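Here is the structure we will look at.
The values are calculated or read from the model by the stated rules, or taken from the named source; none is laboratory data. Remember, predicted model here, so these are calculated numbers, not experimental data. A quick note on method: Cβ atoms are made from the backbone with ideal geometry, for glycine too, and the neighbour counts reach across all protein chains shown.
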Amino acid sequence: METVEKQSKTWLWVIMVVVLAGIIYLLATLGGGNTTTTNPTGVAADTSPIKIGASFPMTGEAASYGEAVAAAAQLAVKEVNDAGGINGRKIEFIIEDDTCTSKKGVNAITKLAEIDKVVAMIGPVCSAAAGPGLPVAQKNNLPVVITTASAPNLTKIGDHIFRIYFSDAFQGKFAAEYIFNTLKKTKVAVLYVKNDWGQGINEVFVNRFKELGGQVVFDEGVAQDIKDFRTLVTKLRAAKPDVVYTALYPASGSAAIKQLKELAVNVPIVGGDAFDGEEIWRVKEAEGVLYTVAKTYDSPVFREKLNSFAGKEVYQSFAAFAYDAIKILAQVIGRVGTDHKAIIDELAKTVYKGAESMPVIEFGADREVKNVDFKVLIIKGGKSELYTEK
């Protein structure tokens, strides 16, 4: 009898343990875990964060660009998450600093694609980082929405690369036509940076300016980190241009502007969209310099919202493209999920309205944004404003 009683107690304990384990498992399945919930069909739904990456220049000569686009993208992420996320999943936004340089551009995108395993990314801002870095994204089947990197051939890197900003194939053409037709200048000197952006825009600009009947009396490329332009400026001055076109980044652009003024090259200076930042605006010699940039809404409401979110004035024209890039990806992922191919296929046919950068964003067969247009700004008093020909 004693043996039977002991065996009964042992089995009772076994049954209690099994029942307790079953209750714990059931509670976890019904919502006790961190990454799943149960939908009405009884299938566990994924509630883990959706990782979206960004390659921005957070330090270095283009840091003000990075600060503006990062704030705009983070604002968009906050708005999506505050509204419930993407089908109940929050966005986890990961920014890597590409410093607007080749090596860091490769490093940033490699980390996002291969270590962070993001489902999509936005950026880069600079073509210097985008040209070398985007092949890494293509190799890893990572969908990319380029924000402002504008070298002409970036989308040709592969079918995973889309761009909501305007290619320099258009910017170089616009600048040439504006200088020749509107400013009525026929003899141009060109200074450009030897990287994907500078060489791309220079080729388009020079070809179009010559087609119009203009003369390119000086045309020189320089390394991105050059600061001493005196020898080049002396040669440029001897060529007697009536306008100088500069496709340079902020650090070299600032040095070139100063030395052009110091050596009495007293003709108009026109820059590319890399001049759209305080690194150039705050240079006193840059007063009166013109530059081209993509035409955007420049919405006062968005400007105020962004500056309020950042806690200071950070707005630049570039910012709206980063904001819209996040909103487009959120919309696309919401429709098709996180599969890379599904995202790419959906991006190709997406028409995004209510944008902050442009009224409607959609892509052509080349994955370039449609409806291209530019404007001319002038630097005044440490800021920029729309330029109107007098």
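Kindly indicate whether Thr246 is hydroxyl-bearing (Ser, Thr, Tyr), in the same structural domain as Lys185 (by TED's automatic domain parsing), within 18 Å of the chain's Cα centre (by Cα) and surrounded by 23 or more Cβ atoms within 10 Å (Cβ to Cβ). Judged against the criteria, Thr246 is not a match. Among the conditions (1) farther than 26 Å from Lys90 by Cβ; (2) touching a residue at least 40 places away in the same chain (Cβ under 8 Å); (3) not in a helix (DSSP H, G or I), Asp298 misses just one, which is (2).
Applying the condition of being surrounded by fewer than 22 Cβ atoms within 10 Å (Cβ to Cβ) and touching a helix residue (DSSP H, G or I) at 6+ places or on another chain (Cβ under 8 Å) to the stretch 149-160 and asking which residue is nearest to Lys370 (Cα to Cα) yields Pro152. Out of Lys194, Lys235, Lys184, one residue alone is of a type in the set (Lys, Arg) and at pLDDT below 95. It is Lys194.
Could you list, in sequence order, the residues of the stretch 250-283 that are touching a strand residue (DSSP E or B) at 6+ places or on another chain (Cβ under 8 Å), assigned to a loop (DSSP other than H, G, I, E, B) and among the charged types (D, E, K, R)? Across the stretch 250-283, the qualifying residue is only Asp276. Of all the listed residues (Ile257, Ile269), the sole one being touching a residue at least 24 places away in the same chain (Cβ under 8 Å), more than 22 Å from Asn207 (Cα to Cα), crowded, with 24+ Cβ neighbours inside 10 Å and of a type outside the set (D, E, K, R) is Ile257.
Would you mind stating whether Ile94 is under 11 Å from Ala54 (Cα atoms), surrounded by fewer than 20 Cβ atoms within 10 Å (Cβ to Cβ) and not hydroxyl-bearing (Ser, Thr, Tyr)? So Ile94 passes the test. Every test in (1) crowded, with 17+ Cβ neighbours inside 10 Å; (2) farther than 26 Å from Val69 by Cα is passed by Asp276 save one, and that test is (2).
A quick yes/no check of all residues on (1) in contact with a helix residue (DSSP H, G or I) (Cβ under 8 Å, 6 or more places away or on another chain); (2) modelled with pLDDT of 95 or more:
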{"site": "Tyr315", "(1), (2)": "yes, no"}
{"site": "Phe318", "(1), (2)": "yes, no"}
{"site": "Tyr323", "(1), (2)": "yes, yes"}
{"site": "Ala330", "(1), (2)": "yes, yes"}
{"site": "Val336", "(1), (2)": "yes, yes"}
{"site": "His340", "(1), (2)": "no, yes"}
{"site": "Ala348", "(1), (2)": "no, yes"}
{"site": "Ala355", "(1), (2)": "yes, no"}
{"site": "Val360", "(1), (2)": "no, no"}
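The numbered conditions (1) over 26 Å from Thr186 (Cβ atoms); (2) without any contact (Cβ under 8 Å) to a residue 24 or more places away in the chain; (3) of a type outside the set (D, E, K, R) are all true for Val314 except (2).
Condition check ((1) β-branched (Val, Ile, Thr); (2) more than 30 Å from Val216 (Cβ to Cβ)) across all residues:
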| site | (1), (2) |
| --- | --- |
| Asp97 | no, yes |
| Ala120 | no, yes |
| Ile157 | yes, no |
| Gly172 | no, no |
